[in-house]
Amino acid sequence: LMENLIEQTGFVLIGAIIILALWDAVWKLIAMWHAAQKKQLAWYICIAVFNTIGILPIIYLVLNKRKKNLKDKDY
């Protein structure tokens, strides 16, 4: 019984790690694409280097979306 519980816990842990890795990769790629398109080298490097489980890329996308919306309203 104990061995079965340990085995199931291992599978759940591996599944959670895979899901978090995919989550991070998707957000990281989206944010890096936007940073590259806007020629924002500092953001690009920070997003590439720091592993934040998607938090830094999401912050970047939110901040830059707000800036874009403000520029659109000025015209």
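The values are calculated or read from the model by the stated rules, or taken from the named source; none is laboratory data. Note that this is a predicted model, so its numbers are computed, not measured. Here the Cβ positions follow ideal geometry from the backbone for every residue, glycine too, while neighbour counts run over all protein chains shown. Side chains included, ligands, DNA and RNA excluded: accessible areas come from the protein's heavy atoms. Shrake-Rupley method; radii C 1.70, N 1.55, O 1.52, S 1.80 Å.
Run lengths n ≥ 4 of DSSP H only: what is the helix-derived mean residue ellipticity at 222 nm for the chain, with -39500 (n - 2.57) per run over all residues, to the nearest 500?
One gets -30000 deg cm²/dmol as the mean residue ellipticity at 222 nm.
Lys/Arg Cβ at +1, Asp/Glu Cβ at -1, dipole of the chain taken about the Cα centre: which of Ala16, Val62, Ile47 is farthest positive-ward?
Val62
Please report, ordered by residue number, every helix of the chain (full DSSP H runs) that is 18 Å or longer along its axis going by C-alpha atoms and whose mean Kyte-Doolittle hydropathy reaches 1.0.
Values: long enough: 2-37 (52 Å, 1.10); 55-74 (29 Å, -0.40).
What comes out of the filter, once short or polar helices are dropped, is 2-37.
Among [x] 11.3, 32; [y] 18.1, 67; [z] 11.7, 36, find the value of Rg and Dmax of the Cα atoms in Å that was calculated from the structure presented, and write down its label.
[y]
What ranking do 3-12, 38-47 get when scored by the average of other Cβ atoms within 10 Å per residue, highest first? It would help to have the intermediate numbers written out before the result.
Working: 3-12: 9.2, 38-47: 14.6.
Going by the mean number of other Cβ atoms within 10 Å, highest first, we get 38-47, 3-12.
If I compute solvent accessible area with a 1.4 Å probe over the protein chains, what percent of it on the chain is carbon and sulfur?
Ligands and nucleic acids excluded, carbon and sulfur give 73 percent.
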